[in-house]
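The values are calculated or read from the model by the stated rules, or taken from the named source; none is laboratory data. The model shown is predicted, which means the values in this text are computed figures rather than measured ones. Here the Cβ is made from the backbone with ideal geometry for all residues, glycine too, and neighbour counts use every protein chain on show. Heavy atoms of the whole protein, side chains included, go into the accessibility calculation; ligands, DNA and RNA do not. Shrake-Rupley method; radii C 1.70, N 1.55, O 1.52, S 1.80 Å.
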Amino acid sequence: MTSTYRVQLTPEFGFGELSELTGYLRRLGVGGLYLSPTLQAVAGSQHGYDVTDHSRVRAEFGGVDGLRKLAGQGFRIVADIVPNHMTVPVPESGNAQLWSVLRLGPESPYAAWFDLTFPVALPVLGENPEFTVDGDVLRYWDHEFPLRPGTSALPLDELLEAQHYRLVPWTEPPGYRRFFDVSSLIGIRVEDNEVFEATHRVTLDLIDEGVIDGLRVDHPDGLADPRGYLRRLRAFTDVPVWVEKIVIGHERLPADWPCEGTTGYEALNAITRLFVDPAGADKLIQTFTQRTGVSADYGAVRYEAKKHVLSLFFKGEVDRLESALGEPGLHDAVVEMLAAMPVYRAYVNPGEPPSAEAVRIVETAAAEAGRRTDPGAVARVAHQVLYGPAEAVTRFQQTCGPVMAKGVEDTALYRWFPLACLNEVGGEPDHFAVTPEEFHAFCAVMTPTTMTTLSTHDTKRSEDVRARLAVLSELPDVWADAVESWSGQVRFDPALDYLAWQSLMAAWPIDVDRFTNYLLKAAREAKTSISWIKPDPVYEAGLRDFCRKAVEVCGFSVASFTAVVDRYARVNSLGQKVVQLLMPGIPDIYQGNETTDFSLVDPDNRRPVDYAFRRALLDNPDDDTWDGQKLQTVTACLRVRTRFSADEPYFPIEAGRNAIAFARGDKAVAVATRLPAALERRGGFGGDTVMLPPGRWRCLLTGAEHTGRVPLAHLLSRFPVAVLEGS
């Protein structure tokens with residue numbers, strides 16, 4: 001598989017609609033289709049991660065016959081699977097296995113499916129709950145719960161006490177492991193062989209049938225034993241498997257995981273930083289701290305954010321972990337250890353000696369935690385999660401990921417944003433840039449079969465939004481003046497306004513509704529004034545008014561500023577695309593991002609794609625527009641990518657400070673301009689050159705042929721990038 005094209009299937013865009021696009025995607029050069037979850041989910045779900053039935057392909061998409069017809073179009077298909085959780089639907093009868101467990105308790109044939117404690121706490125109640133008994137069903141608004149056999153005639157108070165579950169306020173933690181803090185997603189025990197086989201049977205049958213050719217595994221860090229899961233999966237099938245594993249900094253995918261690699265967030269972050277100017281860091285941080293009052297120390301903000309979500313969302317998880325440790329009085333030590341963990345998981349397997357890396361990670365966290373609470377208690381927790389009972393080891397591992405995801409991705413990154421293009425999944429926003437030499441070193445150790453990406457359904461902002469924001473690192477003083485001007489006319493919340501101005505500019509043109517919806521989500525994720533569980537109608541009304549005024553009052557000025565930024569952002573956009581599509585790895589394109597896309601976080605980035613526009617542009621290429629140049633660049637890269645193997649050697653090519661260049665064996669050479677505003681200030685490339693590998697090289701964008709040492713000013717005279725193929 002030379003490349004993939006990620007598609008978000010919805011009830012409105014299923015297998016049939018996608019089948020109609022296969023001709024276009026084939027002309028684009030796409031190697032495989034990468035589908036969002038295809039098993040039966042909640043009716044109307046726009047993402048499909050809320051699975052209700054593993055035994056069926058989703059009917060709203062066209063069912064298994066529709067999937068077979070899509071596969072018959074000739075594309076290899078990668079399916080997104082969700083082994084970590086199912087949904088707790090409303091009404092609850094929509095999940096047959098959970099319904100059985102709630103009705104029969106430990107005697108249910110599905111009791112081993114879920115990681116829970118009886119009676120199961122179900123957080124659904126609002127104020128003054130009123131119930132109705134309807135035969136063998138207990139109803140509460142749209143919720144319905146099965147009654148334990150023989151209890152329907154009991155008085156209501158006795159009936160509620162007699163069940164295998166207890167209904168609690170919606171703000172309380174559930175009595176089961178869940179996905180992050182989402183109580184409507186219940187963790188399943190896929191480590192149990194029967195559960196694994198039942199939840200994977202349809203998928204594995206479709207692989208055997210030749211319908212599915214690869215798998216993307218959602219959130220492996222949520223599993224009890226990710227490595228064991230992948231080994232079990234590999235025992236059933238040898239198709240390529242990619243894992244949605246978030247690695248941070250110098251962390252790498254565990255070497256003993258039998259899979260092709262990750263879904264590419266580490267590549268995304270490295271590429272983004274390649275187009276950021278470190279010279280702008282100090283000024284941008286200064287502007288951010290002055291405008292928001294937030295500390296310049298991102299580490300401190302991250303710590304406080306993790307502590308906040310631990311107290312807000314994870315009381316139940318901390319209590320169960322503390323219980324598993326088997327020693328009272330360790331609550332504070334557990335909390336501080338979780339807050340100090342620098343990565344999503346340390347990968348300790350019960351019954352095995354922990355790896356040196358796992359010991360290093362846990363001991364590093366313990367050293368930090370020990371400075372904040374009783375170091376003796378911390379040391380005991382660290383020892384237990386490395387060498388203690390299996391449940392303690394596993395629960396700590398399964399809790400680290402959710403705390404990291406909610407504390408960093410969904411809190412800290414909405415509180416600390418001097419340059420928001422760095423605030424991505426797995427990103428470290430205080431790490432501003434990488435040099436070409438550092439990027440080459442990163443590529444030198446990449447697994448050739450791992451995925452690379454620039455945009456996904458989960459990115460905080462699309463690649464072209466980030467391309468615009470990266471320009472601010474080259475214009476920090478101009479940017480500071482612009483924000484001062486806009487804030488002088490419209491202001492609301494200092495902790496949020498600076499993110500608002502970055503987002504408004506980088507997503508322009510954006511209407512008031514889209515902008516408002518984004519900023520409401522950002523404010524709720526930041527949790528500084530409001531949150532998802534703590535609304536404030538007065539604050540939210542003020543935010544809506546701010547968004548309306550920002551667009552109406554400052555829109556013309558924002559548009560003018562964006563027009564200046566776009567002279568350079570277009571260069572960044574094309575450059576990062578060439579790098580991603582031709583660097584080591586299997587490149588993925590998120591739906592619609594073959595042309596410009598200025599989307600913000602979901603659900604904004606899951607809007608319908610205008611394929612009629614893209615088809616027309618492919619039929620009639622346009623060198624004069626950003627969209628036209630990006631589509632031509634993507635097509636050239638994907639087509640040449642089909643003509644060399646994934647393990648084609650990667651060779652760095654020296655190109656100076658304002659370009660990045662590399663060769664893939666003797667098959668292709670990629671050259672991209674970087675830091676275009678700085679390049680303009682220095683008057684162009686001057687005498688900068690690149691030395692091409694031996695042979696003749698034809699640029700697929702211009703048709704020009706080149707050999708030997710080529711001046712960059714000549715090579716990049718028409719496009720800011722070059723895609724060269726050996727001839």
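General remarks:
- Residue list for region 219-249, restricted to those being assigned to a helix (DSSP H, G or I) and either among the hydrophobic types (A, V, I, L, M, F, W, C) or in contact with a strand residue (DSSP E or B) (Cβ under 7 Å, 6 or more places away or on another chain) (or both): Pro220, Gly222, Leu230, Leu233, Ala235, Phe236
- Pair list, Cβ under 7 Å, 6 or more apart: region 613-627 residue within 12 Å of Gly592 (Cβ to Cβ), other residue open to solvent by 60 Å² or more (accessible area, probe 1.4 Å): none
- Residues (farther than 30 Å from Pro652 by Cα and touching a Ser or Thr at 6+ places or on another chain (Cβ under 7 Å)) located in region 582-606: Phe598, Ser599, Leu600, Asn605
- Near pairs, Cβ below 6 angstrom, 6+ apart or cross-chain, from region 395-407 (in contact (Cβ under 8 Å) with a residue 40 or more places away in the chain) to any residue that is open to solvent by 10 Å² or more (accessible area, probe 1.4 Å) and aliphatic (A, V, I, L, M): Arg395/Ala324
- Matching residues in region 250-298 - criterion: being surrounded by 22 or more Cβ atoms within 10 Å (Cβ to Cβ), of a type in the set (Val, Ile, Thr) and not in a helix (DSSP H, G or I): Thr262, Thr263, Val276
- Filter result for Glu525 (more than 16 Å from Tyr414 (Cβ to Cβ) and of a type in the set (Asp, Glu)): no
- Within region 267-285, residues that are within 13 Å of Pro429 (Cβ to Cβ) and hydrophobic (A, V, I, L, M, F, W, C) reach partners that are at pLDDT 95 or above and surrounded by fewer than 19 Cβ atoms within 10 Å (Cβ to Cβ) with beta carbons closer than 8 Å, at six or more positions or on different chains, in the pairs Ile285/Ala296.
- Applying the set (1) in a loop (DSSP other than H, G, I, E, B); (2) open to solvent by less than 10 Å² (accessible area, probe 1.4 Å) to Pro109 leaves exactly one unmet item: (2).
- Residue pairs meeting the criteria (Cβ under 6 Å; at least 6 apart or on separate chains; first modelled with pLDDT of 95 or more and among the small types (Gly, Ala, Ser), in region 111-136; second open to solvent by 30 Å² or more (accessible area, probe 1.4 Å) and part of a loop (DSSP other than H, G, I, E, B)): Ala112/Asp192
- For the residues Asp181, Asp225, the requirement of being open to solvent by 10 Å² or more (accessible area, probe 1.4 Å), in contact (Cβ under 8 Å) with a residue 24 or more places away in the chain, within 30 Å of Leu125 (Cα to Cα) and acidic (Asp, Glu) singles out Asp181.
- Restricted to region 632-705, the set of strands (runs of 3 or more DSSP E) holding at least 3 residues that are open to solvent by 10 Å² or more (accessible area, probe 1.4 Å) and modelled with pLDDT of 95 or more comprises 650-653.
- Only residues that are surrounded by 22 or more Cβ atoms within 10 Å (Cβ to Cβ) and hydroxyl-bearing (Ser, Thr, Tyr) were counted across region 597-629, and they come to 1.
- The condition of being open to solvent by less than 80 Å² (accessible area, probe 1.4 Å), part of a loop (DSSP other than H, G, I, E, B) and not basic (Lys, Arg) holds for only one of Glu144, Glu191, Glu130, that being Glu191.
- So Leu156, is it open to solvent by 70 Å² or more (accessible area, probe 1.4 Å), in contact with a strand residue (DSSP E or B) (Cβ under 9 Å, 6 or more places away or on another chain) and either among the aliphatic types (A, V, I, L, M) or free of Cβ contacts under 8 Å to residues at least 12 places away in the same chain (or both): yes
- Some residue of region 65-72 being part of a loop (DSSP other than H, G, I, E, B) and buried (at least 22 other Cβ atoms within 10 Å of the Cβ): no
- Positions within region 156-182 being assigned to a loop (DSSP other than H, G, I, E, B), out of contact with any helix residue (DSSP H, G or I) (no Cβ under 8 Å at 6 or more places or on another chain), among the hydrophobic types (A, V, I, L, M, F, W, C) and over 15 Å from Leu102 (Cβ atoms), in sequence order: Trp170
- Meets criteria (in contact with a strand residue (DSSP E or B) (Cβ under 8 Å, 6 or more places away or on another chain), outside any loop (DSSP other than H, G, I, E, B) and surrounded by fewer than 20 Cβ atoms within 10 Å (Cβ to Cβ)) for Arg201: yes
- Here the helices (runs of 4 or more DSSP H) wholly within region 345-458 that include at least 2 residues being charged (D, E, K, R) and either modelled with pLDDT of 95 or more or open to solvent by 20 Å² or more (accessible area, probe 1.4 Å) (or both) are 356-369, 390-404, 436-444.
- For region 573-587, a tally of residues being within 19 Å of Leu274 (Cα to Cα) and not in a helix (DSSP H, G or I) returns 4.
- Qualifying residues in region 299-320 (those that are touching a residue at least 60 places away in the same chain (Cβ under 8 Å), among the small types (Gly, Ala, Ser) and more than 15 Å from Gln398 (Cα to Cα)) - the one most open to solvent (accessible area, probe 1.4 Å): Gly299
- Which listed residue is farther than 25 Å from Val182 by Cβ and touching a strand residue (DSSP E or B) at 6+ places or on another chain (Cβ under 6 Å), from Ala296, Ala267: Ala267
- Total residues in region 518-533, condition open to solvent by 30 Å² or more (accessible area, probe 1.4 Å) and among the hydroxyl-bearing types (Ser, Thr, Tyr): 2
- Being part of a helix (DSSP H, G or I) and either over 25 Å from the mean Cα position of the chain (by Cα) or surrounded by 20 or more Cβ atoms within 10 Å (Cβ to Cβ) (or both) is a property that holds for Ser323.
- Residue satisfying condition, being surrounded by fewer than 22 Cβ atoms within 10 Å (Cβ to Cβ), modelled with pLDDT of 95 or more and among the charged types (D, E, K, R), within set Arg58, Arg27: Arg27
- Whenever a residue of region 556-574 is modelled with pLDDT under 95, it has no partner that is open to solvent by 10 Å² or more (accessible area, probe 1.4 Å) and among the aromatic types (Phe, Trp, Tyr) lying with C-beta atoms less than 8 angstrom away and at least six residues away or across chains.
- Scanning region 509-545 for residues that are without any contact (Cβ under 8 Å) to a residue 40 or more places away in the chain and basic (Lys, Arg) turns up Arg524, Lys534, Arg544.
- Some residue of region 29-38 being farther than 24 Å from Thr262 by Cα and either hydrophobic (A, V, I, L, M, F, W, C) or in a loop (DSSP other than H, G, I, E, B) (or both): no
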